[in-house]
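Only one structure is covered here, and it is reproduced in the block below.
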Amino acid sequence: MRMMSADRVLNDFAAELRSAGQAPQAEFLLAAGPAALSKTADPDHFTASCVVFDLAADDRRVLLQRHRKTGKWMQFGGHVEAADGSFAAAAARELTEETGLRSWRWFSPTPVSVTSYTLAAQHGRCARHRDVLFAADAPESESVSVSPESHALGWFSLDALPDQLIPDLTDRLPKLWDAAHQLAQR
């Protein structure tokens, strides 16, 4: 009985990946099993994250955190927890925990990207994250609060991003903005 439940959960997570056009990631998840959703079971596992834009802003604004562990500016996110029923639920939980935002909305119920990257030694046992990224819209006027995982939060124009941004985000943010903007137009 417990095995069927675990299989169903894995299949639900895999379906979420397939809906985003990520069939190879879904196959990895199904082959790796529950360990791929746990930071303690497998050094190569999935995480869920969210990039927050203010689509009403004239200058394409994004909310970022300066992460305490890396010292770099990045989107919000983290590991999937047992209570998370989907990658979207994990991303929503992380977004709320790390920003205190209460008034936001998804651009789409499906991820906007899945990126795999190798981690530095300061991440301990975690060697590779397969990050399932969602996009949300929130007004810059909405109150935010810094969590213990961050040094700071800040709204930035995509044309004036902060120094010490995680390397791939400089190129990805404008593309993510475009994808989120297209989803919002639907």
message = Given the whole protein assembly as supplied and a 1.4 Å probe, what does the accessible area of Ser143 come to in Å², nearest 10?
response = 90 Å²
task = Using Cα pairs closer than 8 Å and at least 6 residues apart in sequence, work out the relative contact order for segment 66-173, in percent.
result = 33 percent
ask   = Amide H to amide H, which residues 5 or more places from Lys72 or on other chains are under 5 Å from it, using H placed in the peptide plane?
value = His67
ask   = How big is the charge dipole of the chain about its Cα centre, in debye rounded to the nearest 20, if each Lys and Arg gets +1 on its Cβ and each Asp and Glu gets -1 on its Cβ?
value = 360 debye
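Pairs of Cα atoms under 8 Å, at least six residues apart: use those to get the relative contact order of segment 1-82, whole percent.
Details: 88 pairs, mean separation 17.5, N = 82.
Once normalised by length, the contact order is 21 percent.
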ask   = Over the heavy atoms of Glu142, what accessible area does a 1.4 Å probe trace out, to the nearest 10 Å²?
value = 50 Å²
query = Between Asp178 and Leu165, what length comes free when the chain is fully extended (0.36 nm per residue of separation minus the Cα-Cα distance, one decimal in nm)?
reply = 2.8 nm
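The values are calculated or read from the model by the stated rules, or taken from the named source; none is laboratory data. These numbers were taken from a predicted model, which means no experiment stands behind them. FYI the Cβ positions are ideal-geometry reconstructions off the backbone, even for glycines, and counts take in every protein chain you see. Keep in mind that these areas ignore ligands, DNA and RNA; they rest on the heavy atoms of the full protein, side chains included. Shrake-Rupley method; radii C 1.70, N 1.55, O 1.52, S 1.80 Å.
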